[in-house]
1. If you take the residues in region 9-30 that are under 21 Å from V111 (Cα atoms) and part of a loop (DSSP other than H, G, I, E, B), which one is nearest to the chain's Cα centre (by Cα)?
2. What single numbered condition from (1) over 25 Å from A126 (Cβ atoms); (2) small (G, A, S); (3) loosely packed, with under 15 Cβ neighbours inside 10 Å; (4) in contact (Cβ under 8 Å) with a residue 12 or more places away in the chain fails to hold for A30?
3. Quickly run through region 12-44 and pick out the residues that are at pLDDT below 95 and closer than 17 Å to A78 by Cβ.
4. Tally the residues that are within 18 Å of the chain's Cα centre (by Cα), closer than 18 Å to L79 by Cα and not aliphatic (A, V, I, L, M), restricting the search to region 108-123.
5. In region 76-96, which residue that is touching a helix residue (DSSP H, G or I) at 6+ places or on another chain (Cβ under 9 Å) and of a type in the set (G, A, S) is modelled with the lowest pLDDT?
6. Working only within region 34-73, note down all residues that are β-branched (V, I, T) and closer than 15 Å to I91 by Cβ.
7. Could you identify the single residue in P62, P51 that is within 19 Å of S97 (Cα to Cα) and either touching a helix residue (DSSP H, G or I) at 6+ places or on another chain (Cβ under 9 Å) or aliphatic (A, V, I, L, M) (or both)?
8. Residues in region 78-131 that are of a type in the set (S, T, Y), more than 17 Å from F19 (Cα to Cα) and in contact (Cβ under 8 Å) with a residue 40 or more places away in the chain: how many?
Amino acid sequence: MPTLPWTIPNPATPDTQAFVMASRFEVRSAKDVPRFFLKSLSAWRQVRTAPGALGASLIARPLRRTFCTLSAWEGRDALYAYARTEPHRNIMNGLRSTMRHSTFAFWEAPVEELPITWADAERRLAEQARLDAAKGD
């Protein structure tokens with residue numbers, strides 16, 4: 001299970017809140033795994049220089065066809081600006097057809113709690129997946 005450890009692109013301002021996002025992606029087939037993995041590395045390089053990024057980590061579970069991301073941002077706007085910027089924008093659009101399922105969880109946390117643990121992120125993702133299933137999403 002390759003894990004890219006928590007990386008801090010920009011220092012956090014003390015006594016502020018971070019906007020945190022965790023995501024879990026499952027690709028449709030094993031043949032989609034190499035392409036998804038390579039594209040995720042490109043997005044990883046981008047997040048390491050993204051304005052407003054306070055931290056990020058990635059877990060790849062290629063045998064399960066799943067990839068998880070965890071990131072903290074100065075605010076929602078910084079995250080959304082990153083998502084709209086190349087190469088991330090094209091990555092999202094280009095990989096959409098390979099996706100079986102995606103789950104996203106968002107929350108705020110004091111910057112003093114960074115880095116967020118993977119146990120916390122995976123708990124929140126599981127909770128969000130249950131909520132999505134109950135809604136029929």
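The values are calculated or read from the model by the stated rules, or taken from the named source; none is laboratory data. Model, not experiment: these values are computed from the prediction. So basically every Cβ, Gly included, is an ideal-geometry build from the backbone, and we count neighbours across all protein chains shown.
1. The selected residue is P9.
2. Every listed condition holds for A30 apart from (1).
3. If the condition is that a residue be at pLDDT below 95 and closer than 17 Å to A78 by Cβ, then A43, W44 are the ones that fit.
4. Here is the first cut: in region 108-123, the ones within 18 Å of the chain's Cα centre (by Cα) are 108-109, 111, 113-123.
Then keep just the ones that are closer than 18 Å to L79 by Cα; that gives 108-109, 111, 114-116, 121.
Subsequent filtering for residues that are not aliphatic (A, V, I, L, M) retains 108, 115.
Looking only at that region, the number is 2.
5. Only one residue tops the list, namely G94.
6. So the first thing to find is which residues in region 34-73 are β-branched (V, I, T), and the list is 47, 49, 59, 66, 69.
The answer is V47, T69.
7. Working: P51 fails: within 19 Å of S97 (Cα to Cα).
Matching residue, one of P62, P51: P62.
8. 2
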